[in-house]
Amino acid sequence: MRQQIVAGNWKMNKNYEEAVELTRAILEKVEKPQGLVVICPPFPHLRDVGKMIKVRKNFHLAAQNMHHEDKGAFTGEVSADMLVSVGAEFVIIGHSERREYFKEKNPLLAQKVNVALARGLRPIFCCGEPLHVREVDTHVGYVSKQLKAGLFHLREEDFRKVVIAYEPIWAIGTGRTASSAQAQEMHAAIRILIARKFGKVVADEMTILYGGSVTAATAEELFSQPDVDGGLVGGASLKPDDFAAIVAALK
Ligand code: PGA
């Protein structure tokens, strides 16, 4: 069975008190989710937000990033083991903001995926093309390359633990959502790519999220597409009413 997921990526927003308040409001507004709700707060809030959400069925905790080494002299970094020890179950890897601002490249991301899986974290692996790639119609090839480089070295049993998030960069934080047809086209292409490598059963069961300016108004149509299994939500995840409406749009 393919898991339906809405993940809320808070990015670098909310101090501790605000994070507790946002979590409280989300728990109040989100009713009986039809899939998993994954909350991705900043590192300092993971433990307490995690404790708050654990009491609710189908709520899970994710970190937004991790370092690829287990431990050592890497000032300012956070390891997979640390994340697990404060309750994280998922970790976002390869978000376009990490790729762009922190120069994280495919080989490093593949390493992070390996370490996350080895420590028992499920990667939410992001892929997506910039605008100039979309404009010359090479987006499917571009995203295929990212997925092959980041994930296709995995054994099937590990690959099945990964959640893929397709996030066209031109749609992130811009208010410009991909149309449901654009999302479906890419998600279907990703599933075909997976089927070629890991077989049709694995491809059918893979969760592929759409991300990029998902709102309460656009979620239902996006999630109604046959290959869109939920969303990775940035801006709207900071607004409890909007986030609840997006969760309610899960099919
Ligand atoms: P957005 O962010 O919903 O604010 O566009 C999505 C993301 O970056 O995961």
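Would you please name the residue that is farthest from Q4 (Cα to Cα), looking only at residues in the stretch 195-215 that are under 18 Å from the mean Cα position of the chain (by Cα) and free of Cβ contacts under 8 Å to residues at least 40 places away in the same chain?
Among those residues, the one meeting the criterion is T215.
Can you tell me which residues in the stretch 145-173 are assigned to a helix (DSSP H, G or I), more than 18 Å from A116 (Cβ to Cβ) and among the aliphatic types (A, V, I, L, M)?
Matches in the stretch 145-173: I169, A171.
Being in contact with a helix residue (DSSP H, G or I) (Cβ under 7 Å, 6 or more places away or on another chain) and either in a helix (DSSP H, G or I) or not polar (S, T, N, Q) (or both) is the requirement here; does E129 meet it?
yes
Of the residues in the stretch 198-235, how many are at positive phi and out of contact with any Phe, Trp or Tyr (no Cβ under 8 Å at 6 or more places or on another chain)?
The qualifying residues number 2.
Assess whether K251 counts as being more than 10 Å from the ligand (Cβ to nearest atom), among the charged types (D, E, K, R) and at pLDDT below 95.
Yes, satisfied.
Got a number for residues in the stretch 217-244 being within 15 Å of the ligand (Cβ to nearest atom), in contact with a Ser or Thr (Cβ under 9 Å, 6 or more places away or on another chain) and polar (S, T, N, Q)?
Counting residues in the stretch 217-244 that are within 15 Å of the ligand (Cβ to nearest atom), in contact with a Ser or Thr (Cβ under 9 Å, 6 or more places away or on another chain) and polar (S, T, N, Q) gives 1.
Quick one: count up the residues across the stretch 132-144 that are away from the ligand (no atom under 16 Å from the Cβ) and either within 18 Å of the chain's Cα centre (by Cα) or in a strand (DSSP E or B) (or both).
The number of residues fulfilling the criteria is 1.
Run down V140, V115 and say which single residue is modelled with pLDDT of 95 or more and farther than 23 Å from D158 by Cα.
V140
Look through the stretch 145-193, keep the residues that are over 19 Å from T207 (Cβ atoms) and away from the ligand (no atom under 16 Å from the Cβ), and return whichever of them is surrounded by the fewest Cβ atoms within 10 Å (Cβ to Cβ).
Going through the qualifying residues, I end up with A181.
Look through the stretch 11-51, keep the residues that are part of a loop (DSSP other than H, G, I, E, B) and touching a residue at least 40 places away in the same chain (Cβ under 8 Å), and return whichever of them is farthest from F90 (Cα to Cα).
Selected residue: E31.
Against the condition closer than 18 Å to G235 by Cα and either among the polar types (S, T, N, Q) or touching a Leu at 6+ places or on another chain (Cβ under 7 Å) (or both), how does T23 come out, does it pass?
yes
Just to be sure before I move on: is Q184 of a type in the set (S, T, N, Q), modelled with pLDDT of 95 or more, assigned to a helix (DSSP H, G or I) and within 21 Å of K251 (Cα to Cα) in the structure I sent?
The answer is yes for Q184.
Buried (at least 20 other Cβ atoms within 10 Å of the Cβ), among the hydrophobic types (A, V, I, L, M, F, W, C), within 18 Å of the chain's Cα centre (by Cα) and within 21 Å of G231 (Cβ to Cβ), is that true of L83?
no
Touching a strand residue (DSSP E or B) at 6+ places or on another chain (Cβ under 7 Å), over 19 Å from I190 (Cα atoms) and within 16 Å of the ligand (Cβ to nearest atom): is that true of V91 in this structure?
Here the answer is yes, as V91 does meet what is asked.
The values are calculated or read from the model by the stated rules, or taken from the named source; none is laboratory data. Note that the coordinates shown come from a computational prediction; the quantities given were computed from them, not determined experimentally. Here Cβ is always computed from backbone atoms with ideal geometry, including for glycine, and neighbour counts include all displayed protein chains.
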